[in-house]
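Structure record follows, encoded as structure tokens.
Read-outs: derived from the displayed coordinates by stated rules, not from any lab. Fair warning: this is a prediction, and the values are worked out from it, not measured in the lab. Neighbour counts run over all protein chains shown; Cβ positions are idealised from the backbone, glycine included.
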Amino acid sequence: MLVFKDQLHRIIQLPAVPKRIVSLVPSQTELLCDLGLEDAIVGITKFCVHPNHLLTSKISVGGTKQVNYDKIKALQPDIILCNKEENAKDMMQELEGIAPVHISDISTLDDSLELIKMYGDIFVTIDTSESIIKSIKKSKTEFEDFIALKSLKTVAYFIWKSPWMVAANHTFINHMLTLNKLENVFSASERYPEINVNTIEVIPELVFLSSEPYPFKEDHIKEVQTYFPNSKIILVDGEMFSWYGSRLIKAFDYFKDLNGLLYC
């Protein structure tokens with residue numbers, strides 16, 4: 001029997017190295033593929049869009065909050081991969097009746113690197129996982145050198161409208177903002193609070209409109225500018241701020257380009 005711990009420190013017992021994987025988190029699905037495990041993936045969510053061919057080659061079992069349990073059971077998975085934030089608690093409890101469930105819990109870059117190492121150990125892709133970790137660390141170090149002399153700016157990071165919602169403290173997004181030397185004006189709040197855009201006490205220098213989960217577009221900039229007439233409104237790639245797997249290799253190059261917009 002193989003014994004592992006997930007990021008909630010739960011014990012995961014596996015009779016052998018998993019050969020059939022159901023992944024219910026898009027960024028973790030992408031990570032699996034970059035670990036060379038695409039052939040082992042048997043089930044994904046409808047939001048697992050990277051690599052973009054997966055939705056036509058794998059079975060979609062639902063979303064991140066609701067899934068078709070019968071579909072998952074029919075896939076006979078050896079392991080089901082979830083995330084504390086993205087997947088519903090009652091759903092994960094139900095899934096434990098089908099197969100062992102590994103739950104990630106990501107708030108920082110170190111948490112991300114820990115997860116990549118865990119997958120390397122569980123799926124015996126240790127060399128590849130170490131290579132990905134090394135690449136992410138190298139990209140981060142190069143970005144830190146790049147941004148070292150930049151001045152601190154204040155920001156609000158919007159993830160939803162109707163109601164308006166932002167990313168606040170104890171989120172991976174907030175951690176990535178900090179790495180970009182951006183001070184979140186909602187850092188005194190927790191997680192993803194609803195806010196009243198008419199009563200914000202501290203007006204940020206920058207307002208980021210994320211591409212996900214709400215698909216903010218160019219036409220939203222003018223609307224948001226009415227609430228923040230003196231702020232710079234920028235559309236940002238939400239995957240670069242919230243996907244915490246191998247996408248991080250690309251994220252820091254994206255942040256370099258983004259910083260060119262912030263200081264022009």
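How would you rank 13-19, 66-72, 36-42, highest first, on the average number of other Cβ atoms within 10 Å across their residues?
Peptide ranking by packing, descending: 36-42, 66-72, 13-19.
Return the FRET efficiency for the residue pair Lys250, Phe4: r is the Cβ-Cβ distance, R0 is 22 Å, and the value is rounded to the nearest 0.05.
Step by step, r from the Cβ atoms, then E = 0.20.
In the range 223-263, what chymotrypsin sites (Phe, Trp or Tyr not before Pro) fall in a loop by DSSP, with at most 11 other Cβ atoms inside 10 Å?
The qualifying sites are Tyr263.
Where does each of 177-186, 128-137 land if you order them by average Cβ count within 10 Å, highest first?
Per-residue mean Cβ counts within 10 Å order the peptides as 177-186, 128-137.
How big is the dipole moment of the range 49-186 about its Cα centre under a simple scheme where the beta carbon of each Lys and Arg is +1, that of each Asp and Glu is -1, and everything else is neutral? Debye, nearest 20, please. The partial results should precede the final answer.
Numbers: 15 positive and 18 negative charges, 108 e Å.
Dipole about the Cα centre, nearest 20: 520 debye.
Could you tell me the convex hull volume per residue, in Å³, taken over the Cα atoms of the range 146-262?
Hull volume over Cα atoms, normalised by residue count, gives 102 Å³.
Please work out how much length the chain gains when fully extended from Glu212 to Asp105, using 0.36 nm per residue of separation minus the C-alpha to C-alpha distance, in nm with one decimal.
36.6 nm
Could you give the nm distance between label points at Glu183 and Tyr69, where each point is 7 Å from its Cα heading toward the beta carbon?
Taking the two extended label points, one gets 4.9 nm.
Suppose the chain between Arg191 and Lys89 were pulled fully straight at 0.36 nm per residue; how much longer would it get relative to their current alpha carbon spacing? Walk me through the numbers before you get to the answer.
Numbers: separation 102, 0.36 × 102 = 36.72 nm, distance 1.65 nm.
In short, 35.1 nm is gained.
Using a simple spin-label model with points 7 Å from Cα along the Cα→Cβ vector, what separation in nm is obtained for Val49 and His220?
Taking the simple label geometry, Val49 and His220 are separated by 1.3 nm.
How do 148-159, 206-217 rank on mean C-beta neighbours within 10 Å, highest first?
In descending order of packing, they fall as 206-217, 148-159.
Where a Cα-Cα gap under 21 Å defines reach, which lysines qualify for Lys46, not counting those fewer than 8 residues away within the same chain?
Partners found: Lys58, Lys65, Lys71, Lys73, Lys84, Lys89.
From the residues Phe123, Gly43, Gln7, which one has its Cα farthest along the dipole of the chain in the positive direction, the dipole being from +1 and -1 charges on Cβ of Lys/Arg and Asp/Glu about the Cα centre?
Farthest towards the positive pole: Gly43.
May I ask for the angle, rounded to the nearest 10°, between helix 126-147 and the longest principal axis of the chain, with both axes built from Cα atoms and the value confined to 0 to 90°?
Roughly 10 degrees between the two axes.
Using Cα pairs closer than 8 Å and at least 6 residues apart in sequence, work out the relative contact order for the chain, in percent.
16
How much of the DSSP beta bridge set in the chain is antiparallel, as a percent to the nearest 5?
Rounded to the nearest five, the antiparallel share is 25 percent.
Treat the chain as a sphere of radius equal to its Kirkwood radius over Cα pairs and apply Stokes-Einstein at 10 °C in a medium of 1.306 mPa s; give the translational diffusion coefficient in µm²/s, rounded to a whole number.
Rounded, D is 82 µm²/s.
Using a ≥ b ≥ c from the Cα gyration tensor of the range 75-145 (square roots of the eigenvalues), is it rounded, prolate or oblate, where a/c under 1.5 gives rounded and otherwise the larger of a/b and b/c decides, a/b for prolate?
Taking the square roots of the gyration eigenvalues as a ≥ b ≥ c, the range 75-145 is oblate.
At each listed q (0.14, 0.17, 0.18 Å⁻¹), what is the log10 of I(q)/I(0) that the Debye formula gives for the range 2-105 modelled as equal alpha-carbon point scatterers?
Computed log10 I(q)/I(0) values: -0.46, -0.70, -0.79.
Kindly work out what percent of the DSSP beta bridges joining two residues of the range 118-257 are antiparallel, to the nearest 5.
20
Can you list the lysines whose alpha carbon sits under 19 Å from that of Lys250, skipping same-chain ones fewer than 8 residues off?
Straight-distance partners of Lys250: Lys117, Lys134, Lys137, Lys138, Lys140, Lys181.
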